[in-house]
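Comments concern the structure below.
The values are calculated or read from the model by the stated rules, or taken from the named source; none is laboratory data. A quick note: this is a predicted structure, and the numbers were derived from the prediction, not measured. Here Cβ is always computed from backbone atoms with ideal geometry, including for glycine, and neighbour counts include all displayed protein chains. For the accessible areas, the whole protein counts, side chains as well, though only heavy atoms, and no ligand, DNA or RNA atoms are used. Shrake-Rupley method; radii C 1.70, N 1.55, O 1.52, S 1.80 Å.
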Amino acid sequence: MSSISRPQASSALDRLPSFFIYALSLLMSGVYFFLPLYLKNNLHFSGLQIGVLYAAASLNALLVTFPLGVAGDRYPLLQILRGALILSALCLWGLGYLTDYFPYLAAFWGFGLGLQAFRIALDTLLFKSAGADAIRSLARYNSWRMAGMMTGTLLGGLLFHRLGFDVSLQLLALAPLLLLAPTYRLPRLKMHYSPLRQYGRDFLTRPVLFFSTWLFLFCLHWGAETTSYGLFLRERLGLDLQGMGLYMAVEFAVLAITAYVYGRFWYGRLSPLLFLSLALLTSGLGHIFMTIPQVGISLGWRVVHGFGDALILMESYTTIARLFQVDRIGGNSSLINLVSVSGSFVGALIFGPLGAGYGYQWPLIVSGIFTLALIPLAFWGLRNKSSLHRFS
């Protein structure tokens with residue numbers, strides 16, 4: 001297994017991924033969190049149809065994540081990045097133009113595929129290029145990622161409120177095309193060929209399998225968020241689009257600050273068990289109690305949830321950097337990403353119909369309980385040093 005250190009990278013190679021992940025996150029959050037409102041109120045899709053849409057976006061990642069990760073190890077990342085941007089632009093335009101369900105499903109699938117391919121290539125670029133101060137590079141990258149989500153929720157709420165969903169989505173389709181030009185500043189990284197069976201050997205070790213198991217269970221709550229979060233804010237808290245944007249932006253600001261502070265001050269200061277327990281406790285309790293139907297109280301608990309999610313996010317990235325060799329980190333990190341997407345996929349299928357049938361607070365409550373249930377699993381795994389010594 002590899003050390004978390006990487007060869008020293010150039011300034012452009014080290015910092016440009018943060019710019020791109022900021023732009024990607026801005027676009028993603030500006031669309032994903034608000035779109036269920038458009039799907040339900042304008043296109044009149046059912047809760048099950050909305051759940052299937054978001055599950056399909058996860059499903060495409062299940063199909064292509066690992067091949068794209070391996071391609072990032074073997075082929076120029078710039079080609080993957082540019083192709084992903086063009087696909088995202090075309091499909092996002094379709095989301096603002098189409099009205100029938102199955103063509104819309106195809107466009108949504110393609111949009112999710114483009115975003116997934118772009119993110120995998122960016123992650124691979126980051127892991128391969130992070131310099132000697134890798135922890136700060138990872139923290140900066142994820143801090144800018146959360147800052148992009150904060151900006152996206154603010155601008156998305158404002159844009160959809162002023163222009164409507166269909167016009168806004170077609171205008172947003174220009175954003176991926178504008179990102180094509182800065183990709184030419186990215187230097188080319190050295191490619192490395194590894195047999196596919198070697199990725200399997202890397203993955204099928206006890207530390208990696210444990211890490212993957214709890215990450216899958218943790219990511220179930222992402223399915224609840226994608227299908228029910230925006231609808232909860234609108235229907236249970238009574239927020240308009242601008243109010244929703246402000247609500248979400250506060251949480252993402254906390255996520256960004258937490259990721260930055262983690263990399264600068266907290267990494268390695270807490271024991272693994274205490275760290276994971278704190279992260280899971282705050283994430284789970286925050287998800288449950290944010291359903292209290294008073295905006296101020298709900299937002300306060302959402303901030304608590306965001307703090308926990310940021311800790312898990314940073315621990316996931318630093319764990320990947322510790323567990324895998326840099327020559328194969330594109331494929332191996334994509335396998336971990338595949339686990340995360342699988343959790344979101346299953347969560348969307350579970351929580352989309354649950355929210356539509358019983359109220360949009362229940363997916364958040366139930367997924368929060370799932371998250372709290374991971375604390376004993378973390379305790380067992382970290383106590384069993386023979387199975388987790390590299391992870392901890």
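Observations on the structure shown:
- Of the residues Leu313, Leu35, Leu163, Leu90, the one with the largest accessible area comes first in the ranking Leu90, Leu163, Leu313, Leu35, computed with a 1.4 Å probe on protein heavy atoms.
- Ordered from highest to lowest accessible area with the whole protein assembly present and a 1.4 Å probe, Lys40, Lys128 read as Lys40, Lys128.
- Phi-based couplings in Hz for the range 311-323 (Karplus 6.51, -1.76, 1.60; Gly and Pro marked x): 5, 5, 4, 5, 5, 5, 5, 5, 5, 4, 5, 7, 7
- Working note: Karplus 6.51/-1.76/1.60 with θ = phi - 60° gives the range 237-245 the couplings 9, x, 7, 7, 4, 5, x, 4, x Hz, where Gly and Pro are set to x.
- Solvent exposure, largest accessible area first (probe 1.4 Å, DNA, RNA and ligands not counted), of Asp100, Asp327, Asp123: Asp100, Asp327, Asp123
- Computed P(r) (all Cα pairs; the range 73-225; 10 Å bins; percent): 9, 26, 37, 22, 6, 0
- Cut-off 17 Å (backbone N to label point 7 Å along Cα→Cβ of Val167), residues of the range 223-253: 241-242
- Given a 1.4 Å probe and the protein chains as shown, Trp109 ends up with an accessible area of around 90 Å².
- Counting heavy atoms of the protein chains alone, Tyr199 has an accessible area of about 0 Å² for a 1.4 Å probe.
- Farthest positive-ward along the chain dipole, Cα basis, beta-carbon charges - from Leu255, Tyr184, Gln361: Tyr184
- In percent, rounded to a whole number, the relative contact order of the range 87-191 is 45, using alpha-carbon pairs under 8 Å and six or more apart.
- Computed with a 1.4 Å probe over protein heavy atoms only, the accessible surface of the chain comes to 39 Å² per residue.
- Working value for the chain: equivalent-ellipsoid semi-axes of 30, 26, 19 Å, each the square root of 5 times a Cα gyration tensor eigenvalue, largest first.
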